[in-house]
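Here is the structure we will look at, set down as C-alpha cells.
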Amino acid sequence: CSHTSAWHRLSCLRNMAANKTFTFEDPVEIRGSRRAASDGGVLEKTPKGMIPDFTSFGNIDLAAISPAIGVMEQNQKYTPMSRGNEYMWDEEERERGFGENLVFYTGASYIGGFTTGTVLGFFEGLRKGRNLPQKLRMNQVVNACTKRATTLGNNLGVIALMFTTFERLSLYARDKDDALNAISAAALTGGVFKSTSGPRACIAWTIVGGVGMTLVSLSGHLSSVLHRAKASTLDLTMGKQEAKE
C-alpha cells in the first residue's frame, strides 16, 4: 500500500482484508517498541501472513499497561470517585452558574426569613394581646406575623441577592475561585445594606460581614482538614489490618 492517495490506500486495505494477506512488514518497529516487550513476544514469533495466537497473550506484563484498564498497583493510592454526578474537569464540579446561585440563595433566604418572621410574629402577637379579647388577640397575632415575616423575608432576600452578585463580580475581577470572593462579597453586602443608616453603621456592618464570612470559611476549611485526617487514619488502619491478614 505505497500509494500516496488516501483512496488508493483504503482500497488496498480492503483487498488485503478480503484476501487475508496481512503481513508484519515492519518488524524492527514492533520489536523495538514497548508493545513488543509487553505482549510476551507473541507478535515477534508470529510468521508473516498468519494471525497471532491470542491464547498466548496471557504472558502480557500487566504492569506495563495503563491503569486505565483496571490494573491496580499495591503501592499506588487512587483518588475515590464521587458518588454524585461525574465531571471531566474539577472546576465544573466546584463551580455553579451565576443563575443557579442567584435563584438558590435568594429563594432560600426569603423562605427562611419569612418562616422565621412568622414564628417570631406569632409569639409577639400572643405576648402583646394577652389582655385583649379573643378576636382582638387573633388580629394582633395576624398583624404581627405579617409584619415580621415580610420584613425579615425581604431583607434576607435582598442580602442574598447582593451577596451573590458581589461574589460573582469578585470572581470575574480576580479570575480565582477561592474563599476571598465570599469574604469580600459579604463585607460589601454589609456595607451597602446599611449605607443609608450613616457612615458608622456602614463601616460596622462591613466589618461584621467580612469577619463573619471569614469565620465561616475557616470553619469549613477546618472541617475539610479534619475529614482528610480522618480518611488518612482510616486508610492506615485498613492497611495494617490487611498486612496482619
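Computed from the coordinates by the stated procedures, all read-outs in this text should not be read as laboratory data. Note that the coordinates shown come from a computational prediction; the quantities given were computed from them, not determined experimentally. Neighbour counts are summed over all protein chains in view; Cβ atoms, including those assigned to glycine, are modelled from backbone coordinates with ideal geometry.
List of remarks:
- Yes/no for Asn131 being at negative phi, outside any helix (DSSP H, G or I), surrounded by fewer than 19 Cβ atoms within 10 Å (Cβ to Cβ) and of a type in the set (S, T, N, Q): yes
- Test: Ser184 is touching a residue at least 24 places away in the same chain (Cβ under 8 Å) and either assigned to a loop (DSSP other than H, G, I, E, B) or under 27 Å from the mean Cα position of the chain (by Cα) (or both): yes
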